[in-house]
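Taking it in order: structure first as structure tokens, then the write-up.
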Amino acid sequence: MAKPKAIVVDVNDLGFLDNENDRTGSFVRPVDTANMLKDIYWIEFELSRMTMGWMSAAADWGLKGELVRMAYLHTEHMKHLRERINELPGAALSDRSWTPNEVSNVFASIVLAPAFLEFAATYRIFVNKLYDKYDRMVEKLDPILDAPTLDKWRAIEMDRTQLSTWLSNEIRFAYVDDSEGRARFETWCRFVKRMWDGLDGGDRLEGFAWPEMPAVTPAGPVPVVPAHDPNYPHVDLTKYKSAMFDPASPTYDSVKHMVFINASEMSASESLTYLYYGIQKMPMDFYHDIARHTWDEIRHSQMGVRRLKQMGYDTRDFSWHPSTALTPDNLERTFPEFYSSLTMVMEPCSFIKKRKSIEAFKQFGDYLSSLQSEYDIADERLHVNFGKKWGAKLFEQMNDFVTANSVAEKAKQLHLRKMGYTEEEINSVLGSFPEFCGFATLDLTYDRY
């Protein structure tokens with residue numbers, strides 16, 4: 001009896017799926033879906049960078065928070081898209097994938113708006129065009145064959161109204177009583193719409209010409225001096241190293257100073273936006289983590305300001321710490337040193353007083369302030385892990401290879417030097433975390449409300 005012929009199946013032989021020239025009429029193949037999603041993925045990323053970069057150019061405290069929220073939502077969309085892209089045939093997204101030049105070049109131009117209203121209009125034009133692009137893709141997809149893509153789309157579409165209507169009235173009536181400003185605004189919007197046409201395939205059409213950029217002086221992104229809301233007056237840094245040390249604060253000698261410290265986290269968030277926009281070609285998970293971290297700092301500031309106002313205070317009753325912006329002369333050090341100090345010194349040290357504050361607020365019957373500190377600690381445990389994950393890699397990106405442990409030690413030393421301690425004092429406390437935190441941060445008066 002003849003022996004059955006063995007059948008060998010190579011389950012990894014899927015190259016035929018990647019063949020983009022093997023057409024199926026008007027039907028969308030898996031590789032086609034992957035390519036459409038990748039086009040959208042990079043636009044979502046550049047929109048997140050654009051909104052994060054312009055946060056520091058917005059003067060209004062509320063608008064700063066909205067911009068970070070929007071940037072965070074775009075990164076959440078990216079996660080949905082990446083998950084589906086990596087399930088499909090075609091070139092998957094790697095850790096080192098970066099925005100294609102044809103996309104980054106467009107965004108490098110449109111981000112240079114001459115004023116905040118022009119930026120807001122630019123964002124609205126592009127985000128609405130992006131959702132139109134999503135709609136065109138969805139119309140092509142088979143509701144059964146490509147249901148996993150459509151499931152991702154439904155999660156992304158939930159944010160459509162919020163993102164596409166942002167500042168709609170302000171944009172509609174921009175410069176309504178300023179004819180010169182209105183003319184500049186309309187010229188800029190025509191330029192932006194034409195840039196989208198080129199990005200969305202118009203540059204491949206015969207006769208298409210890229211528009212000439214209007215002659216304007218850009219107001220953003222990441223200005224050298226962050227725009228400042230006058231309702232949050234800055235502390236005099238010639239007298240105090242931080243706003244939390246200013247005894248003129250109405251909460252200074254009480255546990256309620258913890259609420260003010262929460263409220264003041266806008267400065268950390270703003271500095272993180274410079275990090276997000278300025279550091280390029282890190283693994284994409286870095287941008288997802290920084291977007292989450294920045295949004296968390298915004299939430300902490302929002303909950304702190306809300307609670308202060310509930311207590312009857314006005315933001316003008318306090319002095320606020322200014323944000324740290326990038327400077328060309330120390331760019332290579334500013335980013336990694338700031339981030340390492342934030343995640344490996346300030347945030348872990350804050351756990352001590354936040355834990356004490358939780359119990360103190362309960363003793364005074366202030367359960368909302370107590371709850372705020374609980375959520376704050378939950379968030380900042382995450383941030384400390386971000387610091388361990390990315391602190392050393394940031395130094396590597398700056399061609400200064402160090403280990404995670406050495407980053408932590410370096411961050412502690414730098415923080416104490418900036419506070420004016422001697423090397424002898426620094427060396428005496430570095431080995432003891434509680435003692436170090438006593439040097440590094442202000443303790444609170446927990447028995448006074």
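The values are calculated or read from the model by the stated rules, or taken from the named source; none is laboratory data. In this text, all values refer to a predicted model and were calculated from it rather than measured experimentally. Cβ atoms come from the backbone with ideal geometry, glycine included; neighbour counts cover every protein chain shown.
Quick look at the values:
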read-out: Condition broken by Arg182, with the remaining ones in (1) surrounded by fewer than 14 Cβ atoms within 10 Å (Cβ to Cβ); (2) in the same structural domain as Phe119 (by TED's automatic domain parsing); (3) more than 30 Å from the chain's Cα centre (by Cα) satisfied; value: (1)
read-out: The lone exception for Trp196 - which of (1) of a type outside the set (Gly, Ala, Ser); (2) touching a Phe, Trp or Tyr at 6+ places or on another chain (Cβ under 7 Å); (3) part of a loop (DSSP other than H, G, I, E, B) it fails; value: (3)
read-out: The lone exception for Tyr232 - which of (1) assigned by TED's automatic domain parsing to the domain that holds Glu76; (2) aromatic (Phe, Trp, Tyr); (3) under 28 Å from the mean Cα position of the chain (by Cα) it fails; value: (1)
read-out: Residue match in region 134-143 (condition: assigned by TED's automatic domain parsing to the domain that holds His77 and in contact with a Gly (Cβ under 8 Å, 6 or more places away or on another chain)); value: no
read-out: Out of Gln363, Gln302, Gln310, Gln372, sole residue that is closer than 19 Å to Ser271 by Cβ and modelled with pLDDT of 95 or more; value: Gln302
read-out: In region 170-204, the residues that are closer than 18 Å to Met70 by Cα and not acidic (Asp, Glu); value: Ile171
read-out: Any hit, region 336-352, residues being over 25 Å from the mean Cα position of the chain (by Cα), modelled with pLDDT of 60 or more and either assigned by TED's automatic domain parsing to the domain that holds Ser264 or surrounded by 13 or more Cβ atoms within 10 Å (Cβ to Cβ) (or both); value: yes
read-out: Residues (crowded, with 18+ Cβ neighbours inside 10 Å and not small (Gly, Ala, Ser)) located in region 148-179; value: Thr149, Lys152, Trp153, Ile156, Leu163, Trp166, Ile171
read-out: Single match in Asp289, Asp253, Asp229 (criterion: surrounded by 15 or more Cβ atoms within 10 Å (Cβ to Cβ), touching a residue at least 40 places away in the same chain (Cβ under 8 Å), of a type in the set (Asp, Glu) and outside any helix (DSSP H, G or I)); value: Asp229
read-out: Qualifying residue in region 265-275 (condition: more than 21 Å from the chain's Cα centre (by Cα), under 25 Å from Val68 (Cα atoms), surrounded by 14 or more Cβ atoms within 10 Å (Cβ to Cβ) and in contact (Cβ under 8 Å) with a residue 60 or more places away in the chain); value: no
read-out: Breaking point among (1) loosely packed, with under 15 Cβ neighbours inside 10 Å; (2) touching a residue at least 40 places away in the same chain (Cβ under 8 Å), for Asp200; value: (1)
read-out: Single match in Ala263, Ala243 (criterion: aliphatic (A, V, I, L, M) and touching a strand residue (DSSP E or B) at 6+ places or on another chain (Cβ under 6 Å)); value: Ala243
read-out: Failed item in (1) at positive phi; (2) at pLDDT below 95, with Leu205 passing the rest; value: (1)
read-out: Qualifying residue in region 102-123 (condition: under 18 Å from the mean Cα position of the chain (by Cα), in the same structural domain as Arg190 (by TED's automatic domain parsing) and surrounded by fewer than 20 Cβ atoms within 10 Å (Cβ to Cβ)); value: yes
read-out: Count - residues of region 154-182 that are among the hydrophobic types (A, V, I, L, M, F, W, C) and in a helix (DSSP H, G or I); value: 4
read-out: Selection within region 261-286 - in contact with a Lys or Arg (Cβ under 9 Å, 6 or more places away or on another chain) and part of a helix (DSSP H, G or I); value: Ile261, Asn262, Ala263, Met266, Ser269, Glu270, Thr273, Tyr276, Tyr277, Met284, Asp285, Phe286
read-out: Test: residue in region 132-140 that is touching a strand residue (DSSP E or B) at 6+ places or on another chain (Cβ under 9 Å) and modelled with pLDDT of 95 or more; value: yes
read-out: Residue among Leu37, Leu88, Leu73, Leu112 that alone is aliphatic (A, V, I, L, M), in a helix (DSSP H, G or I) and farther than 20 Å from His293 by Cβ; value: Leu37
read-out: Number of the condition not met by Pro148 [criteria: (1) out of contact with any Leu (no Cβ under 7 Å at 6 or more places or on another chain); (2) over 30 Å from Arg82 (Cα atoms); (3) not in a loop (DSSP other than H, G, I, E, B)]; value: (2)
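A quick yes/no check of all residues on (1) more than 23 Å from Leu394 (Cβ to Cβ); (2) out of contact with any Asp or Glu (no Cβ under 7 Å at 6 or more places or on another chain); (3) in the same structural domain as Met303 (by TED's automatic domain parsing); (4) not aromatic (Phe, Trp, Tyr):
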| residue | (1), (2), (3), (4) |
| --- | --- |
| Asp197 | yes, yes, no, yes |
| Pro211 | yes, yes, no, yes |
| Leu237 | yes, yes, no, yes |
| Thr251 | yes, yes, yes, yes |
| Lys256 | yes, yes, yes, yes |
| Glu265 | no, no, yes, yes |
| Leu275 | no, yes, yes, yes |
| Met284 | no, no, yes, yes |
